[in-house]
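To start, the structure under review is shown below, and the notes come after it.
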Amino acid sequence: MAFQNIIERTLRYFVAFFIFVYGAAKPLQFQNNNGFPDKLVSELTGMELMWSFFGYTQTLPIIIGLLQVTGAIFLLFYRTKIIGILLLIPIMTNIVLFDIFYEVKTGATVNAIVFLVILFVLLIFEKNRISKVIQIISSKKEKDPKRIPLFMISAVFAATLFFVYTYLQNTI
């Protein structure tokens, strides 16, 4: 059991360090359109197009970077590591997909894939704690006799809200 704890902590700290560094560097990574503004869109490679897209504004890379830094910090502590894993998996999945489909350099793509795989391995290490949470969430409760009328009223209100919202959007 001690060996598994060492492996789990080592993987957590390893991936936390790298994701923290990458997240902290995000604002610098995409600043100033990275030197591609003089090219036509049709002349850009997939990677240059993606870099130009993310470099258009500093706000999105900063948000992504903050989420990566937050997830990395959460990975460092026992009580918050599952939150960190669950926060980072969608972010890293998105990064892997961008890297693959926009043909980012192989080294960066491999790094992102390795970090994503490690996050899934860390999730597997937490299977007992996660299954307890799932059991609590999915445990059966007593059936409320008012559930069907409540569902119908809520569905009617939701449909009404949908149509009003759609109507207002079409009039603007």
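The values are calculated or read from the model by the stated rules, or taken from the named source; none is laboratory data. Just so it is clear, the model here is predicted, and its values are computed rather than measured. For neighbour counting, all protein chains shown are included, and Cβ atoms are generated from backbone atoms with ideal geometry for every residue, glycine included. For accessibility, only protein heavy atoms count, side chains too; no ligands or nucleic acids. Shrake-Rupley method; radii C 1.70, N 1.55, O 1.52, S 1.80 Å.
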_Looking at segment 137-146, can you tell me whether even one residue there is assigned to a helix (DSSP H, G or I), under 30 Å from Leu86 (Cα atoms) and either open to solvent by less than 100 Å² (accessible area, probe 1.4 Å) or touching a Pro at 6+ places or on another chain (Cβ under 7 Å) (or both)?_
yes
*Among the residues of segment 118-132, which ones are free of Cβ contacts under 8 Å to residues at least 12 places away in the same chain and open to solvent by 80 Å² or more (accessible area, probe 1.4 Å)?*
Ile124, Lys127, Asn128, Lys132
*So, of the residues in segment 57-107 that are touching a residue at least 40 places away in the same chain (Cβ under 8 Å) and assigned to a loop (DSSP other than H, G, I, E, B), which turns out to be surrounded by the fewest Cβ atoms within 10 Å (Cβ to Cβ)?*
Lys105
